[in-house]
Amino acid sequence: MDRLVVQCRLGQPGKLVVTLVEPELVVEVGVDVARDAAGRWRHPGLGHRTRPDLSPTDH
């Protein structure tokens, strides 16, 4: 797969190396739209369950 270097915006200066992958699995996640005054997400996303009945190509 291809490699991509992006600017890191996770509180640390520098670059982040990302490896692009092909999706193989669908999972349900729960997210909250709450942000702090600086625009950062206040709560992490949480994985709920895998969905073997769905394909990554389903829309």
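Coordinate-derived values only; no laboratory data. Everything numeric here is computed off the predicted structure, so don't read it as measured data. Positions of Cβ are generated from backbone atoms using ideal geometry, with glycine treated the same way; all protein chains shown enter the neighbour counts.
Once the other residues with Cβ under 14 Å from the Cβ of VAL31 are scored (Lys, Arg +1; Asp, Glu -1), what is the net sum?
Within the 14 Å Cβ shell, the charges total +1.
Quick one: which of 25-32, 38-45 comes out on top by average Cβ neighbours within 10 Å, and what's the full order, highest first?
Put in order of decreasing packing, that is 25-32, 38-45.
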